[in-house]
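The values are calculated or read from the model by the stated rules, or taken from the named source; none is laboratory data. Quick caveat, the model's predicted, so the values are computed rather than measured. Every residue, glycine as well, gets a Cβ built from its backbone with ideal geometry; the counts of neighbours run over all protein chains shown. Heavy atoms of the whole protein, side chains included, go into the accessibility calculation; ligands, DNA and RNA do not. Shrake-Rupley method; radii C 1.70, N 1.55, O 1.52, S 1.80 Å.
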Amino acid sequence: MSGKFITFEGPEGSGKSTQIKLLSEKLADRGIKVLCTREPGGTATGEAIRNILQHDAVDEPLSERAELLLFTASRAQLMDRVILPALDQGEWVVCDRFIDSTMAYQGFARGMDIDTLDRINDFANNSRKPDLTLLLDLDIEQGFQRLEERYSGGKGSADRFEREGRDFHLRVREGYRKLAEREPERFCIIDAEQSIEEVAVNVWSSIKEVLL
């Protein structure tokens, strides 16, 4: 039996990593084998690309098309080497960001053609979309406040996307909402302004309703 494919999406600071950890633990408690991964990344190739995209590893400005193709190259490697084999083995895969991040960030925020991105995404993911996408929706200002708290006291620093202006991130959030309207059968929108515990309850309710 093929496994289930779940993705988490949302603006910066929406708490995806925390909720992925909590969900994976809950699924494991039910005897479900879970693989957690992320985009970009999840493979040696993907992690090298992540360092370029997120952390300016080559110290060179990226063109928008190069940025897009690096994301999708990482995705293709992750799909072929990790996600699809795991699903074929009956594992559940939980991924931190996927095709909808490309649509929100490169499409709606950067202004790239949506139809073109649909075709590129479809090629990169081998036409396999998530079974469920959990969109953690969060006010942009609250997201930036969380980032400031995260990096206070010298605990890391903002990445290349976190350093984008407020207008960029407003377009990202609005883009996510439009994507959810476009595919309501795949998306569940969850208010990420709630407490960690409340968000986790809503995440689990969505999982039970759609996949269990």
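Between residue 88 and residue 157, the FRET efficiency estimated from the beta carbon spacing at R0 = 45 angstrom works out to 0.70.
Grab the other residues whose beta carbon is less than 13 angstrom from that of residue 31, score K and R as +1, D and E as -1, and report the net. Counting the neighbours of residue 31, the net charge comes to 0. Strictly over 29 Å apart at the Cα level, which of 4/155; 155/178; 33/178; 129/155; 21/155 would you flag in this model? In this structure, 4/155; 155/178; 33/178; 129/155 lie more than 29 Å apart at Cα.
When DSSP beta bridges are restricted to pairs lying wholly in the chain, around 0% turn out antiparallel. Select one label from (1) 44, 38, 28; (2) 45, 37, 34; (3) 63, 57, 37: the one whose number is Cα extents along the principal axes in Å as derived from the coordinates shown. Of the listed options (1) 44, 38, 28; (2) 45, 37, 34; (3) 63, 57, 37, (2) comes from this structure.
By accessible area, using a 1.4 Å probe on protein heavy atoms only, the range 37-103 has 47% of its surface on carbon and sulfur.
A simple spin-label model places the labels of residue 209 and residue 185 1.7 nm from each other, with each point 7 Å out along Cα-to-Cβ.
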